[in-house]
Amino acid sequence: MRILVLNGSPRLQGNTAAMVQAFAKGAREQGHQVDIVNVCQKKIAGCLACEYCHREGSGHERRCIQQDDMQEVYPILDEAEMLVLASPVYYHGFSGQLQCTIN
């Protein structure tokens, strides 16, 4: 199984990163392929709600008008069979960077 882990922590050596590494190690030991994307190290803008990605027949369905680092994540996301969201809890929710990624 191909697993994509979106790490929403800005701390590369923090508790969330340790949890992600432990999960990835266990999954790899079971024969799964694990891709980890540290979204806080990427330039990913929030959704503009412009509907560019939803215009049928335009030739750009599922493509964002913003040409940010999310373009690197889309192909991995398309191939993933499982998505894992990892984030510290800030104000009772995911980090802002992870929220921009999953919106």
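The values are calculated or read from the model by the stated rules, or taken from the named source; none is laboratory data. These numbers come from a predicted model, not from an experiment. Glycine gets a Cβ as well: all are built from the backbone with ideal geometry, and neighbour counts include every protein chain shown. We work out accessible area using only protein heavy atoms, side chains counted, and drop any ligands, DNA or RNA first. Shrake-Rupley method; radii C 1.70, N 1.55, O 1.52, S 1.80 Å.
Rounded to 0.05, the FRET efficiency of the L12 and E79 pair, given R0 = 30 Å and the Cβ-Cβ distance, is 0.75. Helical runs assigned H by DSSP (4 residues or longer) give the chain a calculated mean residue ellipticity at 222 nm of -9500 deg cm²/dmol, each run adding -39500 (n - 2.57) before division by the residue total.
Surface analysis of the chain yields an accessible area of 66 Å² per residue, using protein heavy atoms and a 1.4 Å probe. Using the alpha-carbon positions of the chain, Rg (one decimal) and Dmax (whole number) come out as 14.8, 45 Å. For V5, the residues whose modelled amide H falls within less than 5 Å of its own, excluding neighbours fewer than 5 places apart on the same chain, are D35, I36, V37, V84. The alpha carbon radius of gyration of segment 7-48, expressed as a multiple of 2.2 N^0.38 Å, is 1.36. Counting charges near M19 (Lys, Arg +1; Asp, Glu -1) among other residues having Cβ under 14 Å from its Cβ returns a value of +2.
Phi angles across segment 18-24 convert, under the Karplus curve 6.51 cos²θ - 1.76 cosθ + 1.60 with θ = phi - 60°, into 3J(HN,Hα) values of 5, 5, 4, 5, 5, 4, 4 Hz, Gly and Pro given as x. The trypsin sites (Lys or Arg not before Pro) of the chain meeting both criteria, a DSSP state outside H, G, I, E and B (loop) and at most 14 other C-beta atoms within 10 angstrom of the site's C-beta, are R11, K43, R55, R62, R63.
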